[in-house]
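> Dumping the structure here so I can ask a few things about it.
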Amino acid sequence: CVSVFLVTEVARRLTLNKSEPTPVDGMPELYTYLRNLLPPSAPFFYLSASPYNLYPLLRDFRDKYFPYGQLILRDTSWTTVSGLLETLTVGTETFKVNRIKKIRQWFPRRKIICIGDSTQSDPEAYGVISRLFPGWIRLILIRRVTGIAAAGLEEKNAPERFERAFASLPR
């Protein structure tokens, strides 16, 4: 399972709130439902383009609200030159596609569910992977983030975006 599950300030380039992080409404329940529905051996992965510096915060957040699963974060840090260069040159879609390919190498025979949202490039990344490995992804769930029009990001929820991202894929 690949997902986004933390409320962030999309209008401020997805910087984390200074207050206590909160889960997206309904997501802890959805993940608990999936955890109970799936076999105990089914691994969960939480994929985020957040830098590895946030691992302690995200781990604690996951442990408080969500079923256990491996966090996969960007190996970048703004405290090193290489981290800064990677952050500036590797897009979110490329990062996520590459990490999902790695997950497929680990579990080529398992089917997966991808859960994401409309704020970054989850639809595009999941569409690319679905076309590369037909039938491997069994379900894609994308939450349309509300309140982004005020930040000039209304195109993130445009129906045309989803049509392009999932072109040629079964509904």
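The values are calculated or read from the model by the stated rules, or taken from the named source; none is laboratory data. Everything quoted here is computed from the prediction, not taken from an experiment. No Cβ is skipped: glycine too gets one built from the backbone with ideal geometry, and neighbour counts run over all protein chains shown. Surface accessibility is based on the protein's heavy atoms, side chains included, excluding ligands, DNA and RNA. Shrake-Rupley method; radii C 1.70, N 1.55, O 1.52, S 1.80 Å.
> With all protein chains present, calculate the accessible area of Asp60 using a 1.4 Å probe and round the result to the nearest 10 Å².
Rounded to the nearest 10, the figure is 80 Å².
> Return, for the Cα atoms of the stretch 85-145, the radius of gyration and Dmax in Å, separated by a comma.
Every Cα atom of the stretch 85-145 included, Rg and Dmax give 11.9, 35 Å.
> In terms of solvent-accessible area of protein heavy atoms at a 1.4 angstrom probe, what is the ranking of Val145, Val128, highest value first?
These residues rank, largest area first, as Val128, Val145.
> Cβ under 14 Å from Asp25's Cβ, Asp25 left aside: what net charge do those residues give with Lys, Arg +1 and Asp, Glu -1?
With Lys, Arg at +1 and Asp, Glu at -1, the neighbours total 0.
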